[in-house]
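Enquirer: So that we are looking at the same thing, I have put the structure below in structure tokens.
The values are calculated or read from the model by the stated rules, or taken from the named source; none is laboratory data. Note that this is a predicted model, so its numbers are computed, not measured. Neighbour counts are summed over all protein chains in view; Cβ atoms, including those assigned to glycine, are modelled from backbone coordinates with ideal geometry. Quick note on the areas: whole protein, heavy atoms, side chains included, nothing else; ligands and nucleic acids left out. Shrake-Rupley method; radii C 1.70, N 1.55, O 1.52, S 1.80 Å.
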Amino acid sequence: MSRFFGTSARSFIRFLGFKVDKLPAVYKKSLETFTEPGGVAERKLGTLKEVYIKSRNGNPVHQSHFNRDDKEFIISARIVGSRDTKTCHIYNDGTGTVKKGGASGCQAHTSTDFFSRPPVLSPTYTAFQFHYTPNFLAKPVLDNEPHENYIYLLIEKLFPFLSRKVTFGLPRTVPPWQTSIPMSSIVILHPSHFVQRYSIVIMGHPRIQGQRIRTQVATRMAEAGLQTLLLEAGGPSYGITGGDLDSRRPAWLDGTNLTRVDVPGLYKSIFASSDNLTCSLNSYGGCTIGGSSAINAGLFFEPPASDYDLYFPEGWKSADMKCATRRLYNMQPSTDLTSQDGKRYLQSGYEATKEWIMDGLGFKDVDINAEADDKTEVFGHPIFDYENGQRGGPVVSYLQTALKLPNFQLETGVQVLRVERNGSHATGVFAQIQSSSNTTFIPISCNGTVILSAGAIQSPGLLMNSGIGPSSSLSALQVGGKLSPGISPSNWINNTFVGAKLFDNANTFIELSSPSVTSYVYSYDSPPPTDEALYLNNRSGPYTFASETAVFWDTLTRPDGSIAGFQGTVDSSGYGEFLSNTTITLNVYGTSGMKSRGNVVLNSDLQPAPDGNVYYSDPQDAQDISAFIFKIFQKLPESLTALNLPGNSTLPEIEKYITTYSQYAVGSVNHWSSSCEIGKCVETNLAVKGMKNLHVVDASIVAPLTVNPQFGIMVAAERGSELILEGLRRGSSTVHNSNLPNHKPQGPSETSFPSENLTQKVKMTTQNISLILARHPTGYPIPGEDLILQSTPINLTEPPPPGGLLLKTLALSLDPLQNHGIFLVLLSDNPLYTRGSTILGPGTFSTYQVIPSHIASLPVLHGGFTLLSNPLNLNPHLFLGALGMSGLTAYSSFYSLLKSSRFTKSNPAKEFDIELAVIPEIRCHAKLYCHLSRSLIFTV
């Protein structure tokens, strides 16, 4: 924070963002003039409270975005006043910029355009969301059902917005310094902010990878009622994470709530000019909220069951991972058709590859995730974790859940240096606050847990800095002064498996050219006008996906029975020296079953880094990958020419090419994994070997997968969270340290905190949020008056009543007559439903609900429940139906009619055109549905 005015009135204005004293003198003076008492800003906005000075790439001076014809340079500031908040463009003479059309002054501060996601909830609001798509209608997951007339009023009120999410907020009291800071980018004002002790601290080094997993795990811990602190060294990423959006986006996204992170077609630009979204700390990854999920292509492929059964230990086999996989699908949307107009774009490369791989080699065309277990000679469209034409991932799904919980806290700008411990018991973490030079000790409660989620290179590095790892590395760190002064060699936990078996996919780029191919290169600053309009207006077109147009897999069984996996991914453009408009790129990976492994080692700066053995250290991998390329080259059609590696290359020539470093071969794809193996570096429950309350949950525990790792790593986070919570419930992962000496780190510029006498066990309670009808509305319901939110504690570890269930509500029908919902079984004492099942049945407006035996045992048609059968992995909301009870009644009438003797199985016709006007048997209960269509076609 910077203050530069001398008067008492100005001293109450908070100046954030670009430092005032770093402004050019003329703009420093113009800002003072613009914000002076009685000046332009105060006249327009009221008494000024906050000025956030924007910058892009470290430069606050730029040309106006309000008026493209205005060539004068200005500075931008988001100014919060007592009457309004606006973004103002300020000339060097202290006056405001002029918009096109002649409107002088400041741009109105809006949060989102018509098709954008709602912003992250501000700390000033507690909110609930109604979700509607053309396929389903769901009411908020809250409690105590209001009168049905209210529901109909609400539907009528919401009808203009039925294609997007609508957020209602209820004000609550917050500290004054938080009133304009999004929860996803809380500013740490002082180390004393951490005087509270947490049950769970989740972090990593944290600028590389891992953050997507930290977000997942933190959400699951907070949902279980634990006081959860999530530490992130990076800053804002997606538009919903706040901050200076202009510094993270091109000008054509101005006026939206989007950054380059949100737009899938801009993902390559992140690597060209990162805007502090990426960093290279001996490995490349995302150093921002969302981690690598905020910067990668978003490819989202479910691993085959064989990956778990062949390469994972007991407790992590495919049968063990089913519930975790289902939970991930329930939380994380994905699609192979990203454009909201239902069209596939940039398909010339797909068609050329299809002719080669399917027609020539005989590979099968499959729905990749629907047939996840088949990875031998299969081909299809890529699947992305996108939603509504925008990037998805844990920030959009999991984090939004966590931010609504009172026991969850996210802190950005905190770089963890090591875990502090007393022998086998972690006591907290030692971190640096990046906005200052201060370091601080962040304690956990006496029964708390620390979870590392920093990725496959940084998590082993953090363990080493905590005195856990190979003795040679620990000795080097001790000499370099990196270990805690309280950890002597006798307290080291020597484990050579920390950092061992590091894996990354060995990849090769093959440039392909064909007259039938039209290359497409995404532009950061100037998309083709048609494509720009398609995206901004409809979330359609090429910018709704990240350039991958086709994907295929194959396997090879070696003489010893082991299996090697291969993947090919096709990009929309050429690469390197091959950039003609008829060129595309095939990226070939070696995947599961590869034998080459490296290690995480310390470099000369004592920072963790991969050694030189990651790629092709075992010659078997080069032989297998070259054999795969040779195989597919045998059917390369004449219409398709391989440019950098000739299609007629011999097997030895291919092997030499792929193992000789160039911009096309032996390159890192940053799919780092496997450096903290389950059973050797961590226990099956992911507790670090030799530790009782320190866990690792990230890519380092995941064995090499047959597919891009994002999906598998997120499933591992779900399974890991489940195992950690089970341990906490049993008490096996918590240690009562009342008999342990109080350990505090010592050292220069460290801040220690007084110990607290906390001896109670970790409480597994959380708040059950309910929607209450406080009074009957006389018109449209008014949030906060007619409707109120009520929060009551619920113990999520307390067993349900005999024969009963403890459920978490996923979605509810808005039809008050149908009153059904989709639920996740958290705990079960009923043999009909197991823990982790997804079920359909009656529900109320509450986040959690306890179902007694007499209801749980009823069939769904009699007011009870049924298992949700979802073999196609559809969105569970679809099973509620958009038509409600009346629509289901109409459907049942048609269904019964078709099963009647009037239409017998002997009838050769498979389709019947049922004319409502001429079939007297049908009594439609809802005239609306009869009116919508005079003719319905049913297939039997």
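Enquirer: What are the ³J(HN,Hα) values, in whole Hz, obtained from phi via the Karplus relation 6.51 cos²θ - 1.76 cosθ + 1.60 with θ = phi - 60°, for each residue of the range 376-387 in sequence order, with x given for Gly and Pro?
Expert: 10, 6, 10, 9, x, 7, x, 10, 10, 8, 9, 9
Enquirer: Rule-of-thumb check for the range 411-459: C-alpha Rg over 2.2 N^0.38 Å?
Expert: 1.19
Enquirer: Once neighbouring chains are kept in place and the probe is 1.4 Å, which whole percent of the accessible area of the range 289-356 is contributed by carbon and sulfur?
Expert: With neighbouring chains kept in place, the figure for the range 289-356 is 50 percent.
Enquirer: Based on the alpha-carbon gyration tensor of the range 325-461 and its eigenvalue square roots a ≥ b ≥ c, which shape applies: rounded if a/c is under 1.5, prolate if not and a/b is larger than b/c, or oblate?
Expert: prolate
Enquirer: Using mean Cβ contacts within 10 Å as the protection proxy, how do 823-836, 680-693 order, highest first?
Expert: Answer by packing, highest mean first, reads 680-693, 823-836.
Enquirer: I need the peptides 301-311, 717-727, 514-524 ranked by packing, meaning the mean over residues of other C-beta atoms within 10 angstrom, with the highest value on top.
Expert: Ranking the peptides 301-311, 717-727, 514-524 by packing returns 717-727, 301-311, 514-524.
Enquirer: According to the square roots a ≥ b ≥ c of the eigenvalues of the Cα gyration tensor, what is the shape class of the range 770-809, taking rounded for a/c under 1.5, prolate for a/b larger than b/c otherwise, and oblate for the remainder?
Expert: Prolate.
Enquirer: Note down the relative contact order for the range 452-514 as a percent, whole number, built from C-alpha pairs under 8 angstrom at least six residues apart.
Expert: Relative contact order, the range 452-514: 35 percent.
Enquirer: Turning to a different aspect of this structure: Hey, how much of the P(r) for the range 344-420 falls beyond 18 Å, as a percent of Cα pairs?
Expert: Considering the range 344-420, 66 percent of its Cα-Cα pairs are separated by more than 18 Å.
Enquirer: Bin width 5 Å, alpha-carbon pairs only: give the P(r) of the range 503-611 as whole percents, running from 0 to the bin holding the largest distance.
Expert: All Cα pairs considered, the percentages come to 2, 10, 13, 14, 13, 13, 12, 10, 7, 4, 1, 0.
Enquirer: Still on this model: Over 25 Å apart: what share of the alpha carbon pairs of the range 400-538 falls there, rounded to a whole percent?
Expert: Result: 53 percent of Cα pairs exceed 25 Å.
Enquirer: Also, quick follow-up: Can you check what the Kirkwood hydrodynamic radius comes to for the range 425-494, Cα pairs only, in Å to one decimal?
Expert: Taking the inverse mean of 1/r over all distinct Cα pairs, the range 425-494 comes out at 13.2 Å.
Enquirer: Let me ask something else. For the range 552-636, what class follows from the C-alpha gyration tensor (a ≥ b ≥ c being the square roots of its eigenvalues): rounded when a/c is under 1.5, otherwise prolate if a/b is larger than b/c, else oblate?
Expert: Cα axes put the range 552-636 in the oblate bin.
Enquirer: Another question, then. What translational diffusion coefficient, in µm²/s and rounded to a whole number, does the Stokes-Einstein relation yield for the range 474-514 at 4 °C and a viscosity of 1.567 mPa s, taking the hydrodynamic radius as the Kirkwood radius over Cα pairs?
Expert: Answer, rounded: 91 µm²/s.
Enquirer: Follow-up question, since we're still on this one. Which cross-chain or sequence-distant (5 or more) residues have an amide H under 5 Å from the amide H of Thr582, H modelled 1.01 Å from N in plane?
Expert: Sorted by chain and number, the residues that satisfy this are Ser519.
Enquirer: Report, to the nearest whole %, how much of the accessible area of the range 536-604 belongs to carbon and sulfur atoms, 1.4 Å probe, protein only.
Expert: 51
Enquirer: Keeping all protein chains in place, calculate the accessible area per residue for the range 618-705 (probe 1.4 angstrom), answer in Å².
Expert: 38
Enquirer: If you don't mind, there's one more thing I want to ask. Could you give the alpha-carbon Rg of the range 567-685 over 2.2 N^0.38 Å, rounded to two decimals?
Expert: The range 567-685 yields a ratio of 1.28.
Enquirer: Enter the accessible area per residue of the range 260-362 (Å², integer; probe 1.4 Å; all protein chains in place).
Expert: That works out to 35 Å² per residue.
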